[in-house]
Structures are given as C-alpha cells and as structure tokens.
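Reviewing the structure listed below.
Every number in this text was worked out from the coordinates using simple rules, so none of it is lab data. Quick caveat, the model's predicted, so the values are computed rather than measured. Glycine also receives a Cβ, built like all others from the backbone with ideal geometry; neighbour counts cover every protein chain displayed.
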Amino acid sequence: MAVLWSFRCYLSPDGTDEIRKAHDSEERQTRKKFHSRLKILAALPFEEWHNGVLYRELHGECFGLGEIKFKGDNVQQRPLGFRSSEYEFAILFWAHERGNKWVPLKACQRALERKAEVIANKDRTNALWLALE
Amino acid sequence: MPYGLPWSEEFIGQITDKDDRREFVADQVRTRLALLIRALREQDERQWSQTELGQRMGKPQSVISRIEDPDYGKLSLQTLFEVADAFDLPLWVDIPEWEEWFRRIGEVESKRLRRRSFNAERLVAQARAARDGQPSGAIPSICPGSVATRASMGAQGNQTMSDTVSQAMPTQPALIDGVNEDGHNRGYADYPRNAMGTLNSLSVNIQ
C-alpha cells in the first residue's frame, strides 16, 4: 500500500495535541476505528474520499471543513478538518453527531476558528502520532 | 521501514494489545469489503446503481446501501455469496498469517479492486496458453482442498453460515474477496503463497 497522505493534528496555544487528547478520552473501539480509517484514507486519492462513506465535505455554516465519518461505540464520530496541502489533511476538532446535531453544538465554529489559527501559523499542528504503515 | 514492507515497527507497536488488534482488524476488513463491493458495482464495465445490484440479488436498494456501509457489522457469508454471484465472481475466504494480511488489506484504491466476471473464452485461452507453454499472465494458484477453495465452489452449494462478520472476533486476521481470475492488477507474484481478499472472522461449514 502506498501512503499518499499525511495527517496533522491541531495544537492548542499551550502545545497540547487536542486531537490526541480527544482520541485518548474515547473508548477502545473508537480509538482503533479512527486509526483504521486514517490508514485507509491515507491510501486513497482524494477523489475516492468523496463518496460520502468515509469522508464528507461540509457546507453551510461548516463550509471549508470536512468530516471523517465513522461510528464508534454507538456514537457517530466526526473528526473535523481541512485539506491543508495537496496530500496533507489537518484534523482540527473531534466532534460527534447525535440526531443530526453536532456535539458540541458549536463544533464547526470552533473548528473554523482553529483552521484560521493553523493557516496563520502552521506550527499550530503536530504530525499525527499514529503510524499508518 | 524495510523497503517493500507495508508495516513499520511503530505501526506494529500500536497493535500489540490483542483487543486493539481485534478492533483494528474488524474495521479494516469491514471497510475494505464495503469499498470492494462499491468498486465492483461502479467498475466501468458495470456502472450499476445500488438499485441495479439489488435487483440482481433480489434485494431492495436499502440492503445494498447497508452492505456498502463500513459501519454495518452484520454482513453474513450468505450475503457475500449473493453479492459475488451478482457480479459473477467467486468468493474467497481465508485466515492468513499477519504478513500476508498486511500486504493485502491495504489494497483499497478502486483501481486495485477491479475484477472481471467469469468469461469462459478468456479462461480457456489461458489454459491453452499454459498447456502450450506460452506466457499467459499471472495466474494465481489455488490451494486444493482449502476452506477458501471449497467455499468458492459457489453460492448454489449447501454451505451454511454459522457466524456473521460481527461475531467471533479473530485471533488471526481474515481475508475475503471476490477473486480476480487472472491476477489482473494484483501482483500475486509478490505474495509468498495464495492470498485473497478480506472479511472479519467467520466460521464456514461446507456440507
């Protein structure tokens, strides 16, 4: 398998990897599904991310973001991020979805704020801590 | 990472816990199967909608949508036989060693999941070429008597499924696939022995 993509994770101003922190607070199934899905996405060209099964680009108030979609521990997991360069995806915020609503409700707003920070300063991301191959 | 290996020391370090490994394998297998079925359906020669595949299987579109959902955890072996049959492809089930599983499970790009349906002319031409000592492309060997080979004898057989994908998590990884008869796009020569497809753990009873 060729790994095409690298993933980066949002760092808070104090240097905390917020995605790793959210990941570590999840149950085992969710953690390993996240690892598994990133491994699969990493091997796919972007046009094959687009079928809405593994990933979906968002619109409306979430425009400019995409969600990695999977169900872990009976909860719809929605790590939000954006394509930060040709073969790089920055994960900004680990949201959930319940009954067609974001949890937390302002997940997109917070992710968009983080996106602006990352665009202004790329040091506000860390390389993904998980090995994908 | 040594050249050509699809895993690194760091990666293995993240699946040393057996429970972690079980969850990881389960998702890889389910997701790859979902992608495989979708890729077969959308392959250029077919370009079937979910409704069309459903009609060929005698199932409503909603069932196809479900089996193409990587988060759906209850795909049965019987349903897989029916899916493969709709594509006129055989089914391959295996519980391989980890090295082989790592090599195969990463094949998720749609161009790596293309499979040609049964075509007697093509197969006969290959058989004749082999008989006459002419190169006929990479033809995978089949292990006679293996569970996978017996399972691949067809959806019309009287096999029964005693488990589903959601149950009996593996201690060994499992593979399941629609098999490409001639190794097209697959690079079988890279594999130390026969290798096909992906699924979670299951138990097959061929009578």
Over the stretch B:44-109, what is the mean sequence separation of C-alpha contacts under 8 Å (at least six apart), divided by residue count, expressed as relative contact order in percent?
20
Taking a ≥ b ≥ c as the square roots of the Cα gyration tensor eigenvalues, with a/c under 1.5 meaning rounded and otherwise prolate when a/b beats b/c, else oblate, which class fits the stretch B:1-122?
prolate
Applying the gyration tensor rule to the Cα atoms of chain A (axes a ≥ b ≥ c; rounded if a/c under 1.5, else prolate if a/b exceeds b/c, else oblate), the class is rounded
Order of B:Arg103, A:Arg114 - criterion: other Cβ atoms within 10 Å of each residue's Cβ, fewest first
B:Arg103, A:Arg114
Count neighbours as other Cβ atoms within 10 Å of each site's Cβ, and list the GluC sites (Glu not before Pro) in the stretch B:38-74 that are DSSP loop with at most 13 such neighbours.
B:Glu45
With 10 angstrom as the radius, rank A:Thr16, B:Thr16, B:Thr31 by how many other C-beta atoms surround their C-beta, starting from the fewest.
B:Thr16, A:Thr16, B:Thr31
I need to check one value: relative contact order of the stretch A:7-127, counting alpha carbon pairs closer than 8 Å and at least 6 residues apart, in percent.
29
Taking each residue in B:106-114, count the Cβ atoms of any other chain within 10 Å of its Cβ, then average. What number comes out?
4
Quote the FRET efficiency, to the nearest 0.05, computed for A:Asn74 versus A:Asp24 with a Förster distance R0 of 25 Å and r equal to the Cβ-Cβ distance.
0.85
What do you get for trypsin sites (Lys or Arg not before Pro) in the stretch A:71-108 restricted to DSSP loop and a cutoff of at most 14 other Cβ within 10 Å of the site's Cβ?
A:Lys106
Net charge around A:Cys62, counting only other residues with Cβ within less than 12 Å of its Cβ (Lys, Arg = +1; Asp, Glu = -1)?
+1
Between A:Gly66, A:Gly15, A:Gly81, which gets the highest mean-square fluctuation from a Gaussian network model of chain A, Cα cutoff 10 Å?
A:Gly15
A correct fewest-to-most ranking of B:Ile95, A:Ile40 by other Cβ atoms within 10 Å would be B:Ile95, A:Ile40
Low-density loop chymotrypsin sites (Phe, Trp or Tyr not before Pro), the stretch B:28-96, at most 15 other Cβ within 10 Å, DSSP non-H/G/I/E/B, are none
Prolate/oblate/rounded call for the stretch B:79-119, Cα gyration tensor, a/c under 1.5 rounded:
oblate
